[in-house]
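As structure tokens, the structure follows; a few thoughts come after it.
The values are calculated or read from the model by the stated rules, or taken from the named source; none is laboratory data. From a predicted model like this one, the values you see are computed outputs, not experimental measurements. Cβ placement follows ideal geometry from the backbone for every residue including glycine, while neighbour counts extend to all protein chains displayed.
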Amino acid sequence: MFRLGHVRNRKESLLLTLTENADAVVTTIVGREETSAEAGLRIQTADGQGPSGEARFAVHVVTAPEAADVIIEGDGSRVFLEENAAEVLSDKVLDAGVDDAGAVSFTILPQPA
């Protein structure tokens, strides 16, 4: 099931959404690294391209969003999207998983029609 929390700093209607798994993983990751109520996971575009020419992204836990970031607030998570990342991810869904060794992976999926 896909859900979208409260969004700030965004005028367009399309926006990255989070799965329940992504919301839970982001909440856990941020909670382990930061105690600030303003903290969240920041997604920004990274240098280079993926193997099929797609955009690459960097993900960091930060104490607060930057002024121009798009802010997505889920049930327990806060995700900050750098402007370019917000544009590229506007019609996508962020999912997350944790493997048996505890490694976290994020997957970007198309939004359902």
S90 being part of a loop (DSSP other than H, G, I, E, B) and modelled with pLDDT under 90: no
Some residue of segment 71-85 being among the aliphatic types (A, V, I, L, M) and either outside any strand (DSSP E or B) or surrounded by fewer than 16 Cβ atoms within 10 Å (Cβ to Cβ) (or both): yes
The lone exception for I108 - which of (1) surrounded by 15 or more Cβ atoms within 10 Å (Cβ to Cβ); (2) outside any strand (DSSP E or B) it fails: (2)
Enumeration of residues in segment 27-42 that are part of a strand (DSSP E or B), out of contact with any Lys or Arg (no Cβ under 6 Å at 6 or more places or on another chain) and not hydrophobic (A, V, I, L, M, F, W, C): R42
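Give me the residue from segment 9-21 that is crowded, with 17+ Cβ neighbours inside 10 Å and either assigned to a loop (DSSP other than H, G, I, E, B) or modelled with pLDDT of 95 or more (or both) and, out of that set, farthest from the chain's Cα centre (by Cα). Before the answer, list the steps.
From segment 9-21, those crowded, with 17+ Cβ neighbours inside 10 Å are 15-19; that's our starting set.
Within this subset, residues satisfying the condition of being either assigned to a loop (DSSP other than H, G, I, E, B) or modelled with pLDDT of 95 or more (or both) are 15-16.
Numbers: L15: 11, L16: 8 Å.
Within segment 9-21, the match that is farthest from the chain's Cα centre (by Cα) is L15.
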